[in-house]
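Accompanying notes for the structure given below.
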């Protein structure tokens, strides 16, 4: 089983992307960062490699997705509270992101989503710890489709 996760994302302007994610509270591992790539630390085992388009093409034989027309992925990150969901999303919007859809509150789960400077969609999500463990799940708990 995997020990670490690396999410590779193409970016048009590496410096602007690094500045954007720094404003959201993320840091970078400078050991794996240069003029073509930046290793954004999401957690101790999860990273996002922000790659210039030229660098990204070294790893892919297909076209880079036009995120104004299609979604290549929805990256969902869990945080510790609804307040943190709101704080990160608001910082993202202030830094130039676009809110992707309205906030959803299911009681046991709350999330908001935004498209970053390159159109990659990030969902910030909080889930009640009792629900995560499979206990205390409301009998009528339902979720609308993400699409």
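A short reminder: the numbers here are calculations on the coordinates, not readings from a lab. Note that the coordinates shown come from a computational prediction; the quantities given were computed from them, not determined experimentally. FYI the Cβ positions are ideal-geometry reconstructions off the backbone, even for glycines, and counts take in every protein chain you see.
Quick notes on this one:
- Between the helical axis of 14-23 and the longest alpha-carbon principal axis of the chain there is an angle of about 30 degrees.
- Order of 53, 120 - criterion: other Cβ atoms within 10 Å of each residue's Cβ, fewest first: 53, 120
- Helical contribution to [θ] at 222 nm, DSSP H n ≥ 4, -39,500 (n - 2.57), averaged over the chain, rounded to 500: -6000 deg cm²/dmol
- Mean separation of Cα contacts under 8 Å, 6 or more apart, over the residue count of segment 1-89: relative contact order %: 28 percent
- Taking 0.36 nm per residue of sequence separation and removing the Cα-Cα distance, the residue 64/residue 44 pair yields an extension gain of 4.4 nm.
- For the chain, the fraction of alpha-carbon pairs in successive 10 Å shells from zero, as %: 10, 37, 34, 15, 3, 0
- Once the C-beta distance of residue 103 and residue 4 is scaled by a Förster radius of 35 Å, the resulting FRET efficiency is 0.70 to the nearest 0.05.
- Between helix 82-94 and the chain: long-axis angle, C-alpha atoms, 0 to 90°, nearest 10: 30 degrees
- Inverse of mean 1/r across different Cα pairs in segment 1-62, Kirkwood, Å: 11.9 Å
- Packing order of peptides 121-127, 21-27, 5-11, highest average first: 121-127, 5-11, 21-27 (average count of other Cβ atoms within 10 Å over each peptide's residues).
- Convex hull of Cα atoms in segment 65-138, direction-averaged projection (nm²): 5.2 nm²
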